[in-house]
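**Student:** Pasting in a structure now, in structure tokens, and then I'll have a few things to ask.
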Amino acid sequence: MIKDTAVSCIIPIYNAEPYLNEFFDSLMNQTFQNFEIICVDDASTDLSMSIISEYQKQRDIVLIENKTRSGAACSRNKGLEAASGDYVIFLDCDDILHPEMLGRMYECCRKNDADIGICYLECFVDNKRIPIAHMEKTRKMIPGYPVIENPARLESIFQIIMHSPCDKMVRRKLLLQNDITFQDLPCTNDLFYSYSSVLCSCRLVFIDKVLYFIRYKREESITTTWFRKKDFICEALDAVFDFALGKGIYKLVQKSFIDKAIKDIYNGLERFSEVYLDETVNKLKTVYLEKWGIMEWYNEGRLSMIQMKIIDNILHSRKMASYCSILLSCSDEKIIKLISDYKNNGIKIVWWGAGKMGSEFLTYFNELGLSIDYVIDSDVSKHGKEIAGYSILGWESVIKENCVIWITDDLWFDDINTATDGFGEIINIFSYLEQRVGE
């Protein structure tokens, strides 16, 4: 008896010759084998198709060929049209799968009757694995193997979920019923797909294991070669807004959406060339900020101080400073009070990290006439050198009593906790300063 296809693996391909063998070996050698492979070639000019033909001798591979370059979104949508699996997953042809990826994700979805299963990702370059900061933050917010009912009601849903499609196994019926595909954009086309899927799902499950490894980023991928000057983030966010509004759930997710929108807009405006910067700022001022409800929150003072500053810069067409600089420029009262409270209670402040952001923070403290007690870094080559007037030390040099450790990224939390034997409270000062009053 022939089993129904459990999973459709959809893979857009463009000039991936150096990476295809490693990718296909990891896909072919899955412990779970009830899946179909659908490859969509986006008019490759190298030997990618020859390599795929060799793998077609091992098992059936559906191959769809674009006669001209169409982009990743078009390729993925063609693959979705050809899919027959109960679930679908979109993979990138230069990445690597854990041998148990498909089996673990499908079993978790099936066992929990979940619309979506989400695993964890890591980057790699050469043979070095690089944790993704967003994944580490998600792990702390969603520990274990939680099943989440009605994800749209989950606080900070847009901060918890990444927009990559490669970590998500999605019930195909959900996509068909809600008309969810990839936006026809040169890049950022997966944002609508990922967030719309999550918002309309009834149940999703997180698989607490790194099962997918992202190659750090090759120059000839579909996305990086297609368009380099603009990332279309506003168009992508607007499609998600329209979807949520149409489903009647925008009010549920508005705070999380606004937080993401402002952060993504800021990141986009930092990268744009002048012509696209002017075009995007004008569209934000005349359409998106009002439409998404950001102007209402701005006028009512419901945004955080840094968000207010970013929107103010957009409204007055000012050039954006670094995010850290903007954050610090509106944090004087908050940081003065925090440092004073620690000093008054005899608690020493330990700064972890002597990089560029550490320098910005420490210089800012100096300008306010404030001081901390120690600067430490795990890089021994920095020990004994100076940063903003502070000598950089190793942890063993610090008096381990009555202290608080300040970091700027949760990615380092576990490493610091291990290095310090769990001694001292660890606070992400960046996140603390980003919070709205009362949060």
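**Student:** Keeping to the range 49-97, report how many residues are out of contact with any Phe, Trp or Tyr (no Cβ under 9 Å at 6 or more places or on another chain) and under 17 Å from SER8 (Cβ atoms).
**Tutor:** Of the residues in the range 49-97, 12 are out of contact with any Phe, Trp or Tyr (no Cβ under 9 Å at 6 or more places or on another chain) and under 17 Å from SER8 (Cβ atoms).
**Student:** With (1) at pLDDT below 95; (2) closer than 22 Å to GLU434 by Cα; (3) under 18 Å from the mean Cα position of the chain (by Cα) as the list, and THR224 as the residue in question, which single condition is left unmet?
**Tutor:** For THR224, the exception is condition (2).
**Student:** Separate question: I'd like to know if the range 74-92 contains one or more residues that are of a type outside the set (Lys, Arg), touching a Gly at 6+ places or on another chain (Cβ under 8 Å) and under 20 Å from PRO186 (Cβ atoms).
**Tutor:** Yes: one or more hits.
**Student:** When you check ALA83 against the structure, is it in contact (Cβ under 8 Å) with a residue 12 or more places away in the chain and crowded, with 16+ Cβ neighbours inside 10 Å, yes or no?
**Tutor:** yes
**Student:** Can you find a residue in the range 99-112 that is buried (at least 19 other Cβ atoms within 10 Å of the Cβ), over 19 Å from MET169 (Cβ atoms) and either touching a residue at least 24 places away in the same chain (Cβ under 8 Å) or under 24 Å from the mean Cα position of the chain (by Cα) (or both)?
**Tutor:** No, the range 99-112 has no match at all.
**Student:** Could you check the range 62-76 and list, in sequence order, the residues that are touching a residue at least 60 places away in the same chain (Cβ under 8 Å) and either crowded, with 21+ Cβ neighbours inside 10 Å or under 24 Å from ASP25 (Cα atoms) (or both)?
**Tutor:** Scanning the range 62-76 gives GLY71, ALA72, ALA73, SER75, ARG76.
**Student:** Mind checking which residues of the range 383-401 are of a type outside the set (A, V, I, L, M, F, W, C), surrounded by 13 or more Cβ atoms within 10 Å (Cβ to Cβ) and at pLDDT below 90?
**Tutor:** Scanning the range 383-401 gives GLY394, LYS400.
**Student:** Hey, another quick one. Would it be correct to say that VAL398 is in contact (Cβ under 8 Å) with a residue 40 or more places away in the chain and over 30 Å from LYS263 (Cα atoms)?
**Tutor:** Considered against the rule, which asks whether it is in contact (Cβ under 8 Å) with a residue 40 or more places away in the chain and over 30 Å from LYS263 (Cα atoms), VAL398 comes out as yes.
**Student:** Same structure, new question: Which ones in the range 155-201 are among the aromatic types (Phe, Trp, Tyr) and under 26 Å from ARG69 (Cβ atoms)?
**Tutor:** Answer for the range 155-201, where residues must be among the aromatic types (Phe, Trp, Tyr) and under 26 Å from ARG69 (Cβ atoms): PHE182, PHE192, TYR193.
**Student:** Another one. For SER75, state whether it is modelled with pLDDT of 95 or more and either closer than 22 Å to PHE192 by Cα or in a loop (DSSP other than H, G, I, E, B) (or both).
**Tutor:** Yes; evaluated as a whole, the condition is true for this residue.
**Student:** On to the next question. Which of the residues that make up the range 321-330 are surrounded by 14 or more Cβ atoms within 10 Å (Cβ to Cβ) and over 25 Å from THR286 (Cα atoms)?
**Tutor:** CYS324, LEU327, LEU328, CYS330, listed by residue number.
**Student:** Next up: If you scan the range 292-326, which residues turn out to be in a helix (DSSP H, G or I), of a type outside the set (Phe, Trp, Tyr) and in contact with a Phe, Trp or Tyr (Cβ under 7 Å, 6 or more places away or on another chain)?
**Tutor:** Across the range 292-326, the qualifying residues are MET308, ILE310, ILE311.
**Student:** Collect the residues in the range 122-133 that are within 13 Å of the chain's Cα centre (by Cα), surrounded by fewer than 17 Cβ atoms within 10 Å (Cβ to Cβ) and either at pLDDT below 70 or part of a loop (DSSP other than H, G, I, E, B) (or both), keeping them in residue-number order.
**Tutor:** ALA133
**Student:** Restricting to the range 34-72, name every residue that is in a loop (DSSP other than H, G, I, E, B) and touching a Lys or Arg at 6+ places or on another chain (Cβ under 9 Å).
**Tutor:** Result: ASN34, ASP42, ALA43, ASN66, SER70.
**Student:** In a loop (DSSP other than H, G, I, E, B) and under 21 Å from LEU121 (Cβ atoms) - does that describe any residue in the range 22-30?
**Tutor:** Yes, the range 22-30 contains a residue that is in a loop (DSSP other than H, G, I, E, B) and under 21 Å from LEU121 (Cβ atoms).
**Student:** Restricting attention to the range 25-43, report how many residues are among the small types (Gly, Ala, Ser) and touching a residue at least 40 places away in the same chain (Cβ under 8 Å).
**Tutor:** Result for the range 25-43: 1.
Conditions tested, residue by residue: (1) surrounded by 12 or more Cβ atoms within 10 Å (Cβ to Cβ); (2) over 30 Å from the mean Cα position of the chain (by Cα); (3) not aliphatic (A, V, I, L, M).
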residue: LEU315; (1), (2), (3): yes, no, no
residue: LYS319; (1), (2), (3): no, no, yes
residue: ASP332; (1), (2), (3): yes, no, yes
residue: ILE349; (1), (2), (3): yes, yes, no
residue: SER378; (1), (2), (3): yes, no, yes
residue: SER381; (1), (2), (3): no, yes, yes
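**Student:** Next up: Based on what the data block shows, is ASN345 out of contact with any Cys (no Cβ under 8 Å at 6 or more places or on another chain) and in the same structural domain as SER397 (by TED's automatic domain parsing)?
**Tutor:** yes
**Student:** Give just the number: which of (1) in contact with a strand residue (DSSP E or B) (Cβ under 9 Å, 6 or more places away or on another chain); (2) over 28 Å from GLY394 (Cβ atoms) does ASP332 not satisfy?
**Tutor:** If we test ASP332 against (1) in contact with a strand residue (DSSP E or B) (Cβ under 9 Å, 6 or more places away or on another chain); (2) over 28 Å from GLY394 (Cβ atoms), just (1) comes out false.
The values are calculated or read from the model by the stated rules, or taken from the named source; none is laboratory data. Worth saying up front: this structure is predicted, and the values here are computed from it rather than measured. Using ideal geometry, Cβ is built from the backbone for each residue, glycine included, and neighbour counts are taken over all protein chains shown.
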